[in-house]
Amino acid sequence: MRREDVQPMLAKASDRLPEPDLADAAWAAGVETRRRRRRSILIGLIAAVLIAVIAAIGVGLSGDDNSQFTPPITPPSDPNVRAPDGQINGIDFWVAPPSGSERFLDRLETPLGDRLQQPDNVEPLADRPLDRIAAVVLEDRGDRYVPLLLGSDSSWARADVELLPIRTGTPLSSGAVSPDGRIAAFPQPGELVTVDVATAEVFRIKMPAQDIRSVSWLPDAQRVLVSGPGVAYRVLVGESSTGEEPLVAIAGAADPSSVTAPFRLDKGAVLRYMVGGQWIVDSALQLPVRAWVGQTFSTDSTAARLFIADDLTPVTTNASQPQVVAAISTLRAEPSRLLVLGEPTVMSSVPPMDQPYVREPGCCAVLGWYDHNTPLFEVRGWVLAWDLTSGEVRRVTELAVAGLAVGPGIRP
């Protein structure tokens, strides 16, 4: 077959086949596609209407019986709040971090710094007056002591006065600083010495008794309670506008540290100081107290003091006598709280300086308050802060001084 014969034969064969109608085929395919889309849209609309109807029915039912649809109302617990470890005579208590762990606690920032030690080359107070006292320490000069005053701005100043030792040793009472942070008061044999940090003025006030050991300010910052064993006096430091006597004898106590105002924790009760110089029972206090230690420091609603406890059933001790920081509410609507200073735990890979030790009675005492919710207390070698709201204990500073009194300037 020749090549030129192929084309006529193909044309003849194609004449016998039906010719497709391409336009009709395209139209039919478009109509089918449109129908499918309409069905999909219709089904979607029907589904949406059904959902709306079901939701409306649900709302109606919930209006008739809310209890079936009310979500849980219990709020989530605050991860920053530590639950108490138990109760002692109906009062919640927490167990403090053991000795040797102080360095690893979170730190509360204060003008005291990370480590409190006596500064070098301190300027005289007359050349560097302070706004508010954050802390007072004493420089030991053999048979004399010189007050070194730390301001709220972390600056140091030296008072121009030399102090004599008292019967118990250094003449620094934990209640030395006035509530306004302006005056520091020091017990001396037969007298009271005050230093005004704003003016650098030093005053000496004679006392009827020689054995003076403790000072505790009244909230007005104008009067201070001065006490020794069995004797106590209210001393007016500011000027009187009513003819008040500058020195008045008041009820004393065998423990001079017990003479505090406006409250004191003592003898199974919370005692309130009265203007006449007496203490009356404000409320009963049932705690396993063997002995109270140090002074009572008060805010508007809470009084704090440390006590040595009898055996505490909820807290097991083998080598130490339990000591407890008591933060007792003076408002019946507010709860009281306790912080138990427990025993050391075995700690591996700890430097010798941080090795656990037994907190013997006398090592610890309340120093004051950072704010209304945070009492400060001293343990051996450290000042710690206890947050009453969260139960957390934080370190304030490591102590490289022999004694310390804190004031309101500790809040920067």
Note down the magnitude of the dipole of segment 159-257 about its Cα centre, charges +1 on Lys and Arg C-beta and -1 on Asp and Glu C-beta and zero elsewhere, to the nearest 20 debye. 280
Using a 10 Å cut-off on Cβ atoms, rank the peptides 128-135, 234-241 from the highest mean neighbour count down. 128-135, 234-241
So how far apart, in nm, are the two label points at Leu247 and Ala198 if each is 7 Å from Cα heading toward Cβ? 2.6
Ratio to report: Rg/Rh of segment 172-257, with Cα atoms as the point set and Rh obtained by the Kirkwood method; give two decimals. 0.94
Shape category assigned to segment 88-246 from the gyration tensor of Cα positions, a/c cut at 1.5: oblate
Could the peptides 162-170, 269-277, 225-233, 207-215 be put in order, highest first, of the mean number of other beta-carbon atoms found within 10 Å of their residues? 225-233, 207-215, 269-277, 162-170
Mind checking the dipole of segment 193-331: about its Cα centre, +1 per Lys or Arg Cβ, -1 per Asp or Glu Cβ, Debye to the nearest 20? 220
Could you look at segment 178-310 and say what percent of its accessible area is carbon and sulfur, using a 1.4 Å probe and all protein chains? 51
A student applying the Cα gyration tensor rule (rounded when a/c is under 1.5; otherwise prolate if a/b is larger than b/c, oblate if not) would label segment 358-412 oblate
Extension gain from Glu191 to Ser240, taking 0.36 nm per residue of separation minus the Cα-Cα distance: 15.7 nm
Taking the highest mean first, how do the peptides 289-302, 138-151 order by number of other beta carbon atoms within 10 angstrom per residue? 289-302, 138-151
For segment 285-292, in residue order, the Karplus 3J(HN,Hα) values (coefficients 6.51, -1.76, 1.60; θ = phi - 60°; whole Hz; Gly and Pro = x) are 9, 9, 9, x, 8, 8, 7, 8
The relative contact order of segment 168-299, taking Cα pairs under 8 Å that sit 6 or more residues apart, comes to a percentage of 16
Diffing segment 395-412: the Karplus 3J(HN,Hα) column from phi (6.51, -1.76, 1.60, θ = phi - 60°), in whole Hz with x for Gly and Pro, holds 7, 9, 7, 8, 8, 10, 10, 7, x, 7, 10, 10, x, x, x, 5, 8, x
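The values are calculated or read from the model by the stated rules, or taken from the named source; none is laboratory data. Note that this is a predicted model, so its numbers are computed, not measured. We place every Cβ from the backbone using ideal geometry, glycine too, and count neighbours over all the protein chains shown. In case anyone asks, the SASA skips ligands and DNA or RNA and just uses the protein heavy atoms, side chains included. Shrake-Rupley method; radii C 1.70, N 1.55, O 1.52, S 1.80 Å.
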